[in-house]
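Comments concern the structure below.
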Amino acid sequence: MNVLLEQLEEFNARLIACGARYALIGGLALSAHQLPRATQDIDFLLNRLDADIVDALLTSLGYSCIHRSEDAANYRRGAGAIDFIYAYRPRALLLIETAQLRQVGAQSLNVVTVEGIIGLKLQALTNDPRRVQDGVDIRNLIEKHHADLNLTQLYDYFLLFDKAALYDELINRQ
């Protein structure tokens with residue numbers, strides 16, 4: 001985890017300097033929302049318009065692009081990995097705009113809200129039902145933050161991915 005936090009510190013300062021619009025998602029974002037979980041990489045939601053700037057930045061830091069499409073990119077440097085989902089739809093861009101400054105290790109950075117992380121995990125689970133850990137993360141986030149969740153926004157995410165029954169199950173458990 002310390003290696004990831006060092007990578008994050010190095011990269012985050014440069015993201016800020018180049019004006020990229022982004023927010024942390026994935027395992028480190030869960031930790032920022034008081035739900036620590038082991039992770040192997042750093043995951044960001046990045047405004048797709050900033051993809052070229054970030055690609056050049058990562059290349060200058062010695063990262064290799066392993067994959068890049070219109071929707072996502074993956075970079076590696078030694079044991080370090082940084083992955084991006086590109087935001088271009090209004091709902092995804094709103095996740096970046098509404099990200100909150102959170103403490104991650106020794107630094108503060110933009111982190112997608114709990115509701116937004118749940119929405120992203122619902123999408124991942126819908127795209128690949130074998131992603132069991134995403135279901136566990138959703139349950140744990142709801143359990144940990146139930147009292148503070150925007151239930152209307154959360155329900156909209158569950159509806160978007162045709163998972164209203166799961167919403168009822170998870171919310172009624174609280």
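Tabulated results
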quantity: Given (1) touching a residue at least 60 places away in the same chain (Cβ under 8 Å); (2) open to solvent by 50 Å² or more (accessible area, probe 1.4 Å), number of the condition Arg14 does not satisfy; calculated: (1)
quantity: Residue satisfying all of: in the range 141-150; open to solvent by 60 Å² or more (accessible area, probe 1.4 Å) and part of a helix (DSSP H, G or I); nearest to Leu35 (Cα to Cα) among these; calculated: Lys144
quantity: Subset tally (residues that are at pLDDT 95 or above and buried (at least 20 other Cβ atoms within 10 Å of the Cβ)) for the range 59-81; calculated: 3
quantity: Only listed residue being without any contact (Cβ under 8 Å) to a residue 40 or more places away in the chain and crowded, with 17+ Cβ neighbours inside 10 Å, chosen from Asp134, Asp162; calculated: Asp134
quantity: Within the range 107-119, considering residues that are crowded, with 17+ Cβ neighbours inside 10 Å and of a type outside the set (A, V, I, L, M), the one nearest to Leu160 (Cα to Cα); calculated: Gly119
quantity: Residue under evaluation Val104, criteria (1) modelled with pLDDT of 95 or more; (2) open to solvent by less than 20 Å² (accessible area, probe 1.4 Å); (3) within 16 Å of the chain's Cα centre (by Cα), criterion not met; calculated: (1)
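The values are calculated or read from the model by the stated rules, or taken from the named source; none is laboratory data. Given the structure is predicted, the values throughout are model-derived calculations rather than measurements. With ideal geometry, Cβ positions are generated from the backbone for all residues, glycine too; neighbour counts draw on all protein chains shown. The protein model used for the area step is the full one, side chains on, heavy atoms only, and it has no ligands, DNA or RNA in it. Shrake-Rupley method; radii C 1.70, N 1.55, O 1.52, S 1.80 Å.
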